[in-house]
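Reading through the structure tokens given below for one structure.
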Amino acid sequence: MGVQIQTALIVAVILCAQIINLASADRRLEHRAAFIWLLSSFVLYNAALFYFGVSGEGRHFMLLSGLLAAWAIQNFFAHYLHHSSLRLLSGLVLVSLSTLLLLPTSVAEGPALPIFVAMTTLGTYSFSIWQLYRKALQSPSKTAKQRLMYLVVGGVLSIVLLGVDLLSLQGFSLPCIGQLFNALYLFVWLQAIQSERLLDLKEFLVRMLCLCILVLCLSLIMAGLVIWARDSLGWFVYNLLLAGLVIAVVFQPIQQFIEKTIGPILFRERFELGLHMEQLQRNLTHTLDLNDMGHRVLGFLEESHRFTHASLFLLDLSGQFTAHHIMGPIEQNPLNQLQGREFLDLLRKERVVKFNVIERECEHLNHQTLSGELLTQKTHLIQIRETMKLLSAQVTIGLLDGDRLLGFLNLKDDRPGGFISRNELNLFLELCAQLTAIVRNSEIQRQLNEQKRLSMIGEMATGMAHEIRNPLGAIKAAAELIASSPDETSPVESEEGNDERKEMIEVIIEESDRLNLVLNQFLDYARPFRGSFEATDLNQIADRVARMTQTSRGIHVELCLQKNLPLVMADGSQIHQVCLNLAQNACDALSERYGDDLENAPDAKLTITTSLTTTVDANANETQRARLTLSDNGNGIPDEVQKNLFVPFFTTKRKGTGLGLAVSQKLLQQHQSTLRLTSEPGKGTSFFFTLPLYEDEVRITQPEKAIAQEK
């Protein structure tokens, strides 16, 4: 038996092992079916070559398996490159038909037809490697181009050595290593398909080194237990079974030991990442403060020097995802639900989004005729890809609490050869699960603190209101009596004295009214919600507020009301209170810039706008809501003031209570809404909020009422 015949059997066994490895993968892998077909065709060819070399029979089967290998090569590279050459397909069809016609003839018994089939297979292989080379030249990524060139060089060497094997079959004295090298080359492809990315040469060599050391260790175990008993069949079988049992037990520990020994030497940064990750998770165990959590995570990533970009985005109260902790530049912050809808939807579904996978799917669709669903799919993929570019994300991991996305962690290694291994990804999945628990617990803690604060305010307000309201009533009544009664003890009093007395009395009345206002607003803020939701005309409220503001402050209010605006589900009196408070604040802001006489200030502008808008909630559900915006062109609000606008008793006005906006925000929160603002110093401020449509609320609640009645 020749060396090449023995080699054919060894190669067939190695390729079978690769098929089992790939077929047993428990997740969906791109190109898996096409690559299994390629491996199977080479298994059949080597098995046929071995059988023919041993028995001298099966010549026709060997020729057909050679043709099958050519078709499998064409099919795999067409799938991988997303391109199929019509010339190559036409040539393969012509060669296949010719071979089938010549098989029954005497030509099949001579050397001409086997050489013809072998050259066809090598030609198909060569053409496919040439197409791979063209793709490498066109690759926009330097790293991807470099790794594709590794595959091209390996493919060229494989074709050359297979050609040498072909010459040795014709009687030339040449080494027969082509099939073995081709099996090794296919193993490189297997690793790339299982990793869903092209491997770096260093990474592949490390994997091969670990595999060789593992094989050597297991071979020594087998040899030590089997060879000494080769003269006794009983002992040989017994030791063979014992060796199998020992290998099954020690296989995983030996593999882990080898990887842990070699990994720190050649991949020092990645090895240290795992050690530091354990320390970080211990430090986060009792953390509830989100700011502290972000500092710890980003500090850990910076110290590890493993990534060039990282950012932690968390869902804020406005419904946007905002990153307060960033490493490396990013172009998008914050990310709202509409801008990143496709990206966020995929993140909720998959939890992990990889940029290279999205890019590969986009490239795959570029080579197809698109219409209908495929066109929509491509549009979504492009939007996801562009969002990840703006976020500087190579891999994004979601912080998922059930179906609710609380935030996400972006990671990127922008250096040549930078990638995130599967082991590293598993480490970050564990970390993100811990971050999700911290964010969830922080929300619960914040809700508990808010309930406690409101409870304390309620208790305080009840006692304080009763203690102060009665004296205030007496002071005001006395002041009003003095103001309306003549002074009988001083029939002759200077005009100056009368004016001073009246001024002091007016101060008493004004301050009494102001304290009463504070108490009323304080009670409004502290007491539980008491309102009735019903169909409400938002345009009508806006019009009434505009007329009242014009009457009280003299300013012309511009109304921009959407026609046929649907009714909203709200308590009309409370929404009117909110709008009136916003209008009064706007007039105060205009007075600071244009003076108190707003009636004669043509540049002062106050606008109330209503519109229909589409909003997206934290679960990416789209709903239509009515929106009211109140804008002024006053001095604007500085950023440091905006942070405290809704804090009770915070005010920048000399006579302000600091409760107006806090009460307005609370009333809107009872309406499942939030008061928001945009402001630019020197140009003005806009406050706005949205309310649910009446018809939508009725449609949602009717089934619930029906179920409740049945119960």
*Once the Cβ-Cβ distance between THR615 and TRP130 is put in as r, and R0 is 45 Å, what FRET efficiency do you end up with, to the nearest 0.05?*
0.25
*Once the Cβ-Cβ distance between HIS380 and SER318 is put in as r, and R0 is 25 Å, what FRET efficiency do you end up with, to the nearest 0.05?*
0.50
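Ranked highest first by average number of other Cβ atoms within 10 Å, how do 391-402, 420-431 line up?
Result, highest mean Cβ count within 10 Å first: 391-402, 420-431.
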*How high is the FRET efficiency between ASN21 and GLN669 when r is their beta carbon distance and R₀ equals 56 Å, given to the nearest 0.05?*
0.50
*Between GLN624 and GLU680, what length comes free when the chain is fully extended (0.36 nm per residue of separation minus the Cα-Cα distance, one decimal in nm)?*
17.4 nm
*With each pseudo-label sitting 7 Å past Cα toward Cβ, what's the SER90-VAL107 distance in nm, one decimal?*
2.1
_Inter-label distance for SER139 and LYS389, nm, one decimal - labels placed 7 Å from Cα along Cα-to-Cβ_ = 1.9
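Note down the Stokes-Einstein diffusion coefficient of the stretch 1-155 in µm²/s, whole number, using a Kirkwood radius over alpha carbon pairs, 25 °C, and 0.890 mPa s.
After rounding, the answer is 145 µm²/s.
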_Run the simple label-point estimate for ASN423 and VAL54 please: 7 Å along Cα→C-beta, distance reported in nm._
4.0
*Wrap a convex hull around the Cα atoms of the stretch 329-448, take a quarter of its surface area, and give that in square nanometres.*
9.1
_Restraint check, LYS145/LYS389; LYS349/LYS563; LYS563/LYS643; LYS452/LYS643; LYS349/LYS389, Cα-Cα greater than 28 Å_ = LYS349/LYS563; LYS563/LYS643
*What is the extension gain from LEU288 to HIS305, computed as 0.36 nm multiplied by their sequence separation minus the C-alpha to C-alpha distance, in nm to one decimal?*
3.5 nm
*asked:* Expected output is a single nm value to one decimal: the length gained when fully extending between VAL160 and ASN600, i.e. 0.36 nm times separation in residues minus the C-alpha distance. What is it?
replied: 149.2 nm
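No value in this document is a laboratory result; all are computed from the given coordinates. Model, not experiment: these values are computed from the prediction. We place every Cβ from the backbone using ideal geometry, glycine too, and count neighbours over all the protein chains shown.
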